[in-house]
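Every number here is computed from the coordinates shown, using simple stated rules; none is lab data. Model, not experiment: these values are computed from the prediction. Reconstructed Cβ throughout: ideal geometry from the backbone, glycine too, with neighbour counts over all protein chains shown.
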Amino acid sequence: MTASSSGRKAFSAIEIVIAICFLGLVVWFLLGSGSVDVPSAMTPQIENRELLPLPMRFIQTDEPVTKIGGFTLRCNECHRLFSSPDEHASNLTQHRHIVLDHGINDRCYNCHDQEDRERLALRGNRSIPFTEVARLCAKCHGPTYRDWQMGMHGKSLGSWDPTSPQQHRLKCSECHDPHAPAYELHPPLPGPNTLRMNKMEHEILHGGEIEHVDPLRKWQIELHTTPKEDHDNLPQNEAPDAPAESEKRGDE
């Protein structure tokens, strides 16, 4: 008998042992394991529009337009014909749908260019298009603007990579209403409901009383498997927290 043939026989014996072990596991899984109650719950129904990754608002384009009397008009089509004083928004005869609630910023010309209503006003008689609205907000909200530039404030769509051409960084007015920037309260969408987050409870003994805990918090079950009375009745030399006599004398 050559060495290769003896090695082949030994290798075949190992294969047979492994096969027998696997067959034993199969038999145990089929016959030895008991039935398990899988918790189930109703899946909450959510409208598709609530899951779309879209901006909350849509900003004005250049040139900006508005609808008045069923007509879509550019701003200067009216403002070049009619003068409007720098009044509070509550005194306006047009754009009555605007609710101005922006702190002490209570005048239209604080943000809108007085000469060209299709542009936004910066300091120093400078103006910018509506698409650069973030620079306008930076006049008063400098720290928030810097956080937005660094990605700590606001939201990005399309890609997490700031160098990717697919990333769209939402501008201020795509989330906030520029006239009333505070968010209204609205209920959040329901959270995930998986088998690991079910509402089923187990009963454990805690201080002589039955306590209900989440089945995933196994460390609590293990913590309370030994009743408190048994711990109190342990001899002094078996109590896990009892210091030795030599340690006591050393502390003194």
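If you sort the three axes of the alpha carbon gyration tensor as a ≥ b ≥ c, you get a/c of 1.5 or more for region 86-147 and a/b no higher than b/c, which makes it oblate. Distant-in-sequence amide contacts of residue 168, defined by a placed amide H-H separation under 5 Å and a gap of 5 or more residues or a different chain, comprise 157, 158, 159.
If I model region 54-174 as equal point scatterers sitting on the Cα atoms and use the Debye formula, what is log10 I(q)/I(0) at q = 0.14, 0.21 Å⁻¹? Each listed q corresponds, in turn, to -0.71, -1.37.
Spin-label model, residue 107 to residue 31: label points 7 Å out along the Cα-to-beta-carbon direction sit 9.1 nm apart.
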